[in-house]
1. Note down the relative contact order for the chain as a percent, whole number, built from C-alpha pairs under 8 angstrom at least six residues apart.
2. Please report, to one decimal in angstroms, the Kirkwood hydrodynamic radius of region 135-191 built from all distinct Cα-Cα pairs.
3. Helix-only mean residue ellipticity at 222 nm, the chain, DSSP H runs n ≥ 4 weighted -39,500 (n - 2.57), per residue, nearest 500. What is it?
4. Note the angle between two axes, namely the Cα long axis of helix 231-245 and the longest principal axis of the Cα atoms of the chain, as a number of degrees from 0 to 90, rounded to the nearest 10.
5. Under the classification rounded if a/c is under 1.5, otherwise prolate if a/b is larger than b/c and oblate if not, where does region 1-63 fall, given a ≥ b ≥ c as square roots of the Cα gyration tensor eigenvalues?
6. Mind running the shape call on region 137-265? Use the C-alpha gyration tensor, a ≥ b ≥ c as the square roots of the eigenvalues: rounded below 1.5 for a/c, prolate if a/b tops b/c, oblate otherwise.
7. Please compute the contact order of region 57-122 in relative form: average sequence separation of alpha-carbon pairs under 8 Å and at least six residues apart, divided by the residue count, as a percent.
8. Looking at [x] 54, 47, 37; [y] 110, 40, 35; [z] 54, 38, 35, which value of Cα extents along the principal axes in Å comes from a calculation on the structure shown?
């Protein structure tokens, strides 16, 4: 039995779409009615990382689990203990590329490191997926593009080897359904390092209308992010952006090609497939 968590999120939902109908799959979600695209053979259950009993029920009979957590309020201790008790053999965890950066010491990266350490010390087999930033993060620009033909971002000429979430999902499915990934860490990037200015230009070309890029200063970014995130997370995002400005996120890897036998998807392809999100109503 394969358990998928985070099934309503960016990567987890794509994993659900890609798991074959003939596989025994259980999908855990806090709100099961939000799960979309699952095979009719999949079992969908309610579960919450803060509720031990719901985790025990979701993990019963599970052999391999896909672990996606995003709440900084608690670490993965409760899930890992429940998985150990249930006899789970292996956990595939979605982490982040920043964990390997010795200069990264922000709140979010420290939380990811802590969770990785918990899994490696659990006695279960483990596989770590460490993606660079998701290409889908640019969906946060959709409102200003639709309304004003404007993109506003911090450090617009800094490059990031961002990755298509669909590639992450495809790698996740491979690691969940194939042997040989035990004790392995896969760092996942796109095929090129691209800047926000370049992404804006590609979106403008695909949309067939001019877009303007407006550079935010750090204080403007702090205010903008503060509308959506608590102060500690905002400071972590600012630290992350500064590392990107310094070039630490521009390295392109080959893991996607090695694991999938094809090149990683480029930003232009992702944008073409999601162009309706930016189109003028």
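Laboratory data are not the source of any read-out in this text; all were calculated from the coordinates shown. These numbers were taken from a predicted model, which means no experiment stands behind them.
1. 18 percent
2. Details: mean 1/r = 0.0712 Å⁻¹.
Roughly 14.0 Å, rounded to one decimal.
3. Roughly -11500 deg cm²/dmol at 222 nm, from the helical runs in the chain.
4. Taking Cα atoms only, the helix is inclined about 70 degrees.
5. Values: a/c = 1.97, a/b = 1.28, b/c = 1.54.
It is oblate, given that a/c is not under 1.5 and a/b is not larger than b/c.
6. prolate
7. With pairs under 8 Å counted, the relative contact order is 40 percent.
8. Checked against the structure: label [z].
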